[in-house]
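Working notes, structure below.
Since every read-out is calculated from the coordinates, none of them should be taken as a lab result. Only a predicted model underlies this, so the values are computations on that prediction, with no experimental measurement involved. Counting neighbours? That spans all protein chains shown, and the Cβs are built from the backbone with ideal geometry, glycine included.
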Amino acid sequence: MKSPVSTVPAGPESNLEVNISSVSMCMRKGHVLYELDQDELVLKPVQDSVLGGIPFMKHAPGWMQRRLTMLSRMFMRTVSRCMERLDIKDEQAPLCFATSNGEINVVGKIMADLLGKRHRISPSDFQNSVYNAPTGYFAIATDRKFASNTIARGNLTFEYGLLDAVSRLACGERNVLLVAGDEAISTKWAEPAHSSLDLCGALWLSTAKDLPVLAKIAGIHHFKPRNQSQRREFENSLIKKNNARILRDHKACNGPCSLDEIDNPSAGIAHLLLNMKRDFIDQAMLISRSDIDQDMMVLSVEPK
Amino acid sequence: MKYGNQLRSKVAVTSFQTISSLGIGNQETLHSLERGVTCLTKDHPLADYAGCPIGPVRNELTKLPPTFKDYDTRCNRLAASCLESLSVQVRDLKSRHESSRIAVVTGTTSSGFRDLEDKILGGLDLGDFDYRSTIPVGSVASFISKAFGFDGPSMTCSTACSSSGNAIITACNLIYSGICDAAVVGGFEALARTTLMGFKSLRVIDPEPCRPFDAFRKGMNLGEGAAVLIMERVYGQDKGQGAFIAGYGSSLDAHHMTAPDPSGLGAETAMAAALARAGVTAEDIGYINLHGTGTILNDAAEATAINRLFGNKTKCSSTKGMSGHLLGASSAFETVLCIISLERGFAPNNTGLERLDPEMDIEILDEPTAIDKNSLVMSNSFGFGGNNTSIIIGRA
């Protein structure tokens, strides 16, 4: 096996130091909304109405407030909390949105309209159906005109979003806002995607020296093992080399369910954020494997 | 020229291929570009869904082997057909780089929608339908990596009509940052009833072949197709072969979900960022392949932005009058059109144009026109959510 890994040049081998400067997350299970307590890094129940009281939305036109999907609302709330924490209202940063299924429930409604008796599609459903709808609404509500990308890759979507964000920082950006989120799926033909709760999380990533540091991205490793033995060899070598703990080993999250029960393609961001207090004594690793092919990603993080 | 050696030592496009209503492969596409006539037709069962001509791919596409049954969609068959015709170049690419250092970055908006529609409308059993490997847009990148043996990172960008523009930008960032040495970048889009009816619901469809920038334009037509670019890091003074990505820029309009900012500010920001990254000025651009969908608002906003940044002397055209709008595939597709025409030293005409909108003070080409083969060209793509990308390409 020659150099089987693509690795972000973060860490001691390069001059690039990528820090997590602010975090936020919300999760909706059933009719209960939970939000990340940014000091204690645990999920706490909050009033569901906060999704209608997003600060950005005060300035948003009425048509937008009526049309926002649950994913867009959670996106706005999460970003709002992440930026409030840093007091960086006017900071312009490229935005990377990682979502595996995008606005799949809107697509489900469109399919039903197409194939049902209506045989016509609502224009607002159609404009809401694109993967980047939440970023478009966010830009309008906040007048942000910076570059924006939307990344998808099944249950590794958050990890690939992080890869995209860090590559931008490596290419000279000072800050990147990464948001990862997926809705619970209510469309029958999409059920195999296994998403039974709404989840959205945000990381403010920065190379700047003047922002707070919650944790440091020590590396992102991509690997495509040919078999189980290669996979184990790869995982063990990384763990041994960095004396790391594995984040997914912990089950409890002080929230509505155990970490194993976070049934959402963006679960990786929940595993990262809900373990940051507990595990960040040494380097910690988030090991994620694709559910449709051999791809795997390992994210290494270090305490500040 | 000032952009010369410095930029040519970075990301080269060493091979490329395209499939669309203009033809299968680069040669047929070139002939269509030289003829400059529309390839849009109403003679197709899906045309009725939007009540207008469309740009379908009529040739039979590569059938996926049984081992890829779960990935079998028209979108993935378009991708497979495009990549199979690059098999020699892919083999050479793998001989130059370790497979784990070759990324796959795709752009699409609808992935397997067409196939889902076919199954549901045909009353077929959805029991063997694998959602995860057909509908989420990320499955397209997974399919290409798996089917063609690329072991590097693979992901999909989905930002509506600028999807494959962002795929090109993402690939450049992966290569520049040292995460990868090369990337297989593609835009793939299959015509789907939902998108045809969706645009119809927005009332932005021209019932006749579209005529971007024309005084009497009524809207757009949709097409389908695939375009693949093999992008590689080229070191030192090696000029590489084919073409190179000189610069790229992106922006958000922050104006409206489907309508462009009439001031053209978002489009201008993306184009200006691309110029700045390339280290060139507007005068260095010999031709601009416009987003030019044919809708009243889109064309007006883009013309305003072009005029402000480039004045009215830079040669411009939209090729959507020939191919229709390939949505998520359009940026990669039109980037390939730019490379094909630049190699032959001409800029394609703006098909469908009869009388230029008098409000537009830009140089729209009404016939294929010679350009300097050594000039830089720009390709614009603007999407829903106000997502704008601009790519600058040169010949190696």
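The reciprocal of the average 1/r between distinct C-alpha atoms defines the Kirkwood hydrodynamic radius, which for segment B:153-246 equals 16.0 Å. For segment B:328-396, the set of GluC sites (Glu not before Pro) satisfying both a DSSP loop assignment and a count of at most 12 other C-beta atoms within 10 Å is given as B:E354, B:E359. Among the listed pairs A:K241/A:K277; B:K63/B:K119; B:K94/B:K119; B:K63/B:K200; B:K119/B:K218, a Cα-Cα separation exceeding 28 Å is found for B:K94/B:K119; B:K63/B:K200; B:K119/B:K218.
Farthest towards the positive end of the charge dipole of the protein assembly as shown, among the residues B:V90, B:F216, B:I285, is the Cα of B:V90, using unit charges on the Cβ of Lys, Arg, Asp and Glu. Each principal axis of the Cα atoms in segment A:215-303 has its own extent, and those three values, largest first, are 37, 28, 17 angstrom. Rounded to the nearest whole angstrom, the semi-axes of the ellipsoid equivalent to chain B, taken from the Cα gyration tensor as √(5λ), stand at 29, 27, 18, largest first. Go ahead and collect, in residue order, the members of segment A:280-303 whose backbone nitrogen is under 15 Å from a label point 7 Å along the Cα-Cβ direction of B:T67. Label zone hits: A:293-294. For chain B, averaging the sequence separation of C-alpha pairs within contact (under 8 Å, six or more residues apart) and dividing by the residue count gives a relative contact order of 24 percent. Here each label is just a point 7 Å from Cα along the line to Cβ, and for A:E233 and B:R355 those points are 7.3 nm apart.
Among the trypsin sites (Lys or Arg not before Pro) within segment B:146-250, those in coil by DSSP and having at most 16 neighbouring Cβ atoms inside 10 Å are B:R203, B:K239. Using a cut-off of 29 Å between Cα atoms, the listed pairs B:K146/B:K320; A:K109/B:K69; A:K188/B:K146 include B:K146/B:K320 as exceeding that distance.
Legend: helices of chain A (whole DSSP H runs) are marked when their alpha-carbon atoms reach 24 angstrom or more along the helix axis and their mean Kyte-Doolittle hydropathy is at least -1.0; marked are A:70-86. Mean per-residue shielding of peptide A:184-197 is 2, counting Cβ atoms of other chains within 10 Å of each Cβ. Ordering B:Q17, A:N242, A:A98 by the projection of their Cα atoms onto the charge dipole of the protein assembly as shown, which places +1 on the Cβ of Lys and Arg and -1 on the Cβ of Asp and Glu, puts A:N242 at the extreme positive end. Taking every alpha-carbon pair within segment A:18-206, the share separated by more than 25 Å comes to 33 percent. Residues whose amide H lies under 5 Å from that of A:L214, counting only those 5 or more places away or on a different chain, are A:I20, A:S21; hydrogens are built 1.01 Å from N in the peptide plane.
The distance between label points at B:D118 and B:K313 comes to 5.2 nm (points 7 Å beyond Cα on the Cα→Cβ vector).
Descending by average beta-carbon neighbour count within 10 Å, the peptides B:18-31, A:38-51 line up as B:18-31, A:38-51, the highest first. Each of B:L121, B:L376 was scored by other Cβ atoms within 10 Å of its Cβ. Listed from fewest to most, they are B:L121, B:L376. For the peptide B:195-202, the mean number of other protein chain Cβ atoms found within 10 angstrom of a residue's Cβ is 6. Note on segment B:88-213: Rg/Rh from Cα positions, Kirkwood definition for Rh, rounded to two decimals, is 1.06. Charged side chains reduced to their Cβ positions (Lys and Arg at +1, Asp and Glu at -1) give the protein assembly as shown a dipole of some 620 debye around its Cα centre. Working note: 222 nm ellipticity from helices only, DSSP H runs with n ≥ 4, each -39,500 (n - 2.57), summed and divided by the residues of chain B, gives -9500 deg cm²/dmol to the nearest 500. Taking a ≥ b ≥ c as the square roots of the Cα gyration tensor eigenvalues, with a/c under 1.5 meaning rounded and otherwise prolate when a/b beats b/c, else oblate, which class fits segment B:1-135? Since a/c reaches 1.5 but b/c is at least a/b, the shape of segment B:1-135 is classed as oblate.
Packing around the peptides A:290-299, A:220-229, B:283-292, taken as the average count of other Cβ atoms within 10 Å per residue, puts them in this order, highest first: B:283-292, A:290-299, A:220-229.
Note on B:E208 and B:D43: the model spin-label points, each 7 Å out from Cα along the C-beta direction, lie 1.9 nm apart.
Fewest-first ordering of A:S21, A:S258 by other beta carbons within 10 Å of each residue's beta carbon gives A:S258, A:S21. Evaluating 6.51 cos²θ - 1.76 cosθ + 1.60 at θ = phi - 60° for every residue in segment B:98-105, the Karplus couplings come out as 5, 4, 6, 9, 10, 8, 10, 10 Hz, glycine and proline recorded as x. Cβ-to-Cβ counts within 10 Å put A:S196, B:S330 in ascending order as A:S196, B:S330, the fewest first. Between the beta carbons of B:H31 and A:L86, assuming R0 = 45 Å, the FRET efficiency works out to 0.20 to the nearest 0.05.
In whole angstrom, the protein assembly as shown maps to an equivalent ellipsoid with semi-axes of 37, 28, 25, each derived as √(5λ) from the alpha carbon gyration tensor and ordered largest first. Packing around the peptides B:257-266, B:156-165, A:205-214, taken as the average count of other Cβ atoms within 10 Å per residue, puts them in this order, highest first: B:156-165, B:257-266, A:205-214. For the pair A:R120 and A:R66, the difference between a 0.36 nm per residue extended length and the Cα-Cα distance amounts to 17.4 nm. Using the Cβ-Cβ distance between A:Q47 and A:K304 with R0 set to 30 Å, the FRET efficiency from 1/(1 + (r/R0)^6) comes to roughly 0.40. For the protein assembly as shown, the antiparallel share of DSSP beta bridges with both residues in that region comes to about 75%.
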